[in-house]
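The values are calculated or read from the model by the stated rules, or taken from the named source; none is laboratory data. As the structure is a computational prediction, the values presented were derived from the model and not from experiment. Using ideal geometry, Cβ is built from the backbone for each residue, glycine included, and neighbour counts are taken over all protein chains shown.
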Amino acid sequence: MMNGSENLPELNDAEREIYSWQTTVDGFGEEGQRRLKNASVMISRIGGLGGLVAYELAAAGIGKLILAHGGNLKPSDLNRQLLMKDEALGSPRINCAMERLKELNPRLEIIGLAENVTDSNISSLVSESDIVVDCAPLFEERYLMNHEAFAQGKPIVECSMFEMEAHITSFKPGLTGCLKCLYPEKPDYWQRRFPVFGAVSGMVGCLGAMEVIKIIVELGEPLFGRLLTCDLKSMKFQQVRIQPVADCTVCAAAK
């Protein structure tokens, strides 16, 4: 997916020390860290779920984040949106998120858009990235990202949660089916506001960040074509295979 090691940015001494615990992971090493530094990741949105994806990627040393999230911070956001802070209530969420991420990693490049994904901005957002992470609460946005990621040949990581259940999968143009194969139409139960614990969105956000790292570095086995479901009430984890739809209007042409 990424460029050869000869084209990757070098690490400075400070970066070698900051990331020294993870560069000793088998199969990762300094080249893996350089791949992260070279990579750009788009995340929509950056609330309870996407915010944790962004935070973990910033901590891991990703080079660039492209973030899209509209609206101002509300009191009801604070139980799960850990990039936010109480004193920022009433201000744009994207500003608070960017500030918190830069506090953690001042070397991080961030492009922040104070808008949600739309027909008019999705093409440019995806074009800036190597990989897309979908954390949007609305299926209209999810379908837009799915379509554009496949059109541009970019992998996409899908994360979602409800109450104490979490779902995560990954798609890759030319290799797997897509979101439309999994959900040909928006599920009836899917609503803009839903019950959730912040710890559930945080858990799947961390899994999403790890999935991004694996795809960028080509480490381990990403969830390509597999849906992982996590029921935190019973601590049961299951995987199911996602079958591509032969005549899918989104992904069939990418094969």
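Of the numbered criteria (1) of a type in the set (A, V, I, L, M, F, W, C); (2) buried (at least 23 other Cβ atoms within 10 Å of the Cβ); (3) part of a loop (DSSP other than H, G, I, E, B), the one Val25 fails is (2). Ser123 meets each of the listed conditions (1) part of a helix (DSSP H, G or I); (2) within 18 Å of Gly51 (Cβ to Cβ) apart from (2). Considering Lys102, Lys85, the condition of being at pLDDT below 95 and out of contact with any Gly (no Cβ under 7 Å at 6 or more places or on another chain) is satisfied by Lys85 alone.
Looking across Glu158, Glu163, one residue alone is surrounded by fewer than 18 Cβ atoms within 10 Å (Cβ to Cβ) and charged (D, E, K, R). It is Glu163.
Evaluated against (1) touching a helix residue (DSSP H, G or I) at 6+ places or on another chain (Cβ under 6 Å); (2) over 30 Å from Pro184 (Cα atoms), Ala136 falls short on exactly one condition, (2).
Scoring Pro9 on the criteria (1) surrounded by fewer than 23 Cβ atoms within 10 Å (Cβ to Cβ); (2) within 17 Å of Glu128 (Cα to Cα) leaves a single failure, condition (2). The residue list Ala253, Ala209 contains one member that is part of a helix (DSSP H, G or I) and modelled with pLDDT under 90, which is Ala253.
Select from the stretch 220-241 the residues that are over 17 Å from Leu175 (Cα atoms) and within 19 Å of the chain's Cα centre (by Cα) and list them in ascending order. If you could, list the steps in order and put the result at the bottom.
Within the stretch 220-241, the subset over 17 Å from Leu175 (Cα atoms) is 228-239.
Once the filter is applied, which keeps residues that are over 17 Å from Leu175 (Cα atoms) and within 19 Å of the chain's Cα centre (by Cα), the stretch 220-241 yields Leu228, Thr229, Cys230.
Do we find a residue being buried (at least 18 other Cβ atoms within 10 Å of the Cβ), touching a Phe, Trp or Tyr at 6+ places or on another chain (Cβ under 6 Å), on the phi < 0 side of the Ramachandran plot and not basic (Lys, Arg) anywhere in the stretch 227-234? Yes - at least one qualifying residue is present in the stretch 227-234. Look at the stretch 9-32: where a residue is on the phi > 0 side of the Ramachandran plot and a partner is among the hydrophobic types (A, V, I, L, M, F, W, C), sitting 6+ places away or on another chain with Cβ atoms under 6 Å, you get Gly27/Leu219. Do we find that Cys248 is in a loop (DSSP other than H, G, I, E, B) and over 15 Å from Met164 (Cα atoms) in this structure? In short, yes.
Scanning the stretch 165-206 for residues that are modelled with pLDDT of 90 or more, assigned to a loop (DSSP other than H, G, I, E, B) and in contact with a Ser or Thr (Cβ under 9 Å, 6 or more places away or on another chain) returns a single hit, Thr176.
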